[in-house]
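Take a look at the structure below.
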Amino acid sequence: MKTLKAWLLLLLIVSCASPQRKDEIDSGKDSRSKPEAERKTDESTALTAEESRRRAEKAYEEMLRREREQKNSDISIEQDQTGKEEAKKETVSDVAQKDEGRDSHEDSDRQNRLEEQMLADEAKKERERTEAVALLSKDREEEQQARKAQDVYSKNRPLMQEEARRLSVADASEQKLFDQDYEHFLAAKKRDEEYRSSRIAKVDTGRDLFYRLDALKMFPSRLEIGDVRSRSIQLMRNRNRQQFMGFVKDMKYVPLVQAVPLPGGPPSRLRLYEFFKGRPGNYVLLEDGQPVTIRVKNQNYRIINIRSDGDVLIILDLERDDFKEYYRLSVDDIVLVLE
């Protein structure tokens, strides 16, 4: 496009110069006939045209030089762009190769994980299959045992029904005897309570004294001594009812006591109220040679004497372990747990 413009410009300059040259020839022919002043004017005009032609040629050369420089600049730009594109292609190729290597490594890892997962799944399925076979075998064994048990039950059912009927009759008979014994016990207990209520006021005339009432408020009316055999507790006749008052283990004298045999046999609960019937006198319970201690309201009290009239009366003498308090009270019963 630029070359076409240059040719058009050149044609324009030539066309402008040719008529001017013709005018110059015509002016040469007519110069002989024109005056001197007109010939000078034509010469100046001819010089001006020649200067214009030189300037046009110079402008054309300048234009060609610029075109060559522009062409060289375009070629260098194209070369730079080509180099950049090649460098970019190389960079892209390197990145692609790196990505391809990374992708191949990731694909390898993924494949390895998939294979490991498949192996784990296969192992899990194998375990489940083994467990299922074991459970199935166990179920079959249990079913066989259940069928055998059912057969044995069906065979023995009549005998079992007969045995159940016989045991039911025996239980009914035993329950009837137990009910009769329990009725007799309740009746005897009622008679004994009525008898004791009618007798206690006569044999224990001091039960309404103020210190006896205070002791009755403080201590329970029924005492229980546990672990008698394991603690080696002994029931003794107390030949001197006051000999354990202020007693300590390091005393030099030997207490005047006599052992009373307790019932043997299996573990039981011995009521001293029943045991003392027909055995009046003073008694004491000794553990390791000392009177047995009971604990009431965070204080320890020694039973230094037990007096029975052999009928309805049981009176206890109690002394605090620091010798600061002394009590006397009447109790309904003392129970020894022979275990």
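The values are calculated or read from the model by the stated rules, or taken from the named source; none is laboratory data. Remember, it's a predicted structure, so these values are computed and weren't measured experimentally. Here the Cβ positions follow ideal geometry from the backbone for every residue, glycine too, while neighbour counts run over all protein chains shown. Just so you know, the surface numbers come from the protein's heavy atoms only, side chains and all, with ligands and any DNA or RNA stripped out. Shrake-Rupley method; radii C 1.70, N 1.55, O 1.52, S 1.80 Å.
Residues of the stretch 305-321 falling in the label zone of Val260, defined by backbone nitrogen less than 15 Å from a point 7 Å along Cα to beta-carbon, are 305-317. Distance from the Cα centre of the stretch 56-70 to that of the stretch 229-272, in angstrom? The distance from the Cα centre of the stretch 56-70 to that of the stretch 229-272 comes to 149 Å.
For Arg68 and Thr48, a Förster radius of 25 Å and the Cβ-Cβ distance give a FRET efficiency of 0.25, rounded to the nearest 0.05.
Under conditions of 25 °C and 0.890 mPa s, the stretch 197-339 yields 156 µm² s⁻¹ as its translational diffusion coefficient, taking Rh as the Kirkwood radius over Cα pairs in the Stokes-Einstein equation.
For the stretch 309-337 versus the stretch 152-191, the inter-centroid distance based on Cα atoms is 42 Å. Spin-label model, Arg295/Leu167: points 7 Å from Cα along the beta carbon direction are separated by 4.4 nm.
With each label modelled as a point 7 angstrom along the Cα→C-beta vector, the Glu274-Lys58 pair spans 15.9 nm.
In the complete set of protein chains, residue-level accessible area for Glu78 is approximately 110 Å², probe 1.4 angstrom. Label separation (Met245 vs Lys189): 3.7 nm, computed from points 7 Å beyond Cα along the C-beta direction. Here Asp288 and Ala201 are evaluated by their C-beta separation; at R0 = 35 Å the FRET efficiency comes out at 0.35. For each pair in Lys124/Lys148; Lys190/Lys277; Lys189/Lys217; Lys217/Lys249, compute the distance between the two Cα atoms and list the pairs where it is over 27 Å. Cα-Cα > 27 Å for Lys124/Lys148; Lys217/Lys249; rest within.
With the highest mean first, a sort of the peptides 292-300, 316-324 on other beta-carbon atoms found within 10 angstrom per residue produces 316-324, 292-300.
Once the convex hull of all Cα atoms in the stretch 214-272 is built, its volume per residue stands at 140 Å³.
Overall, the accessible surface of the stretch 100-251 at a probe of 1.4 angstrom is composed of carbon and sulfur to the extent of 52 percent.
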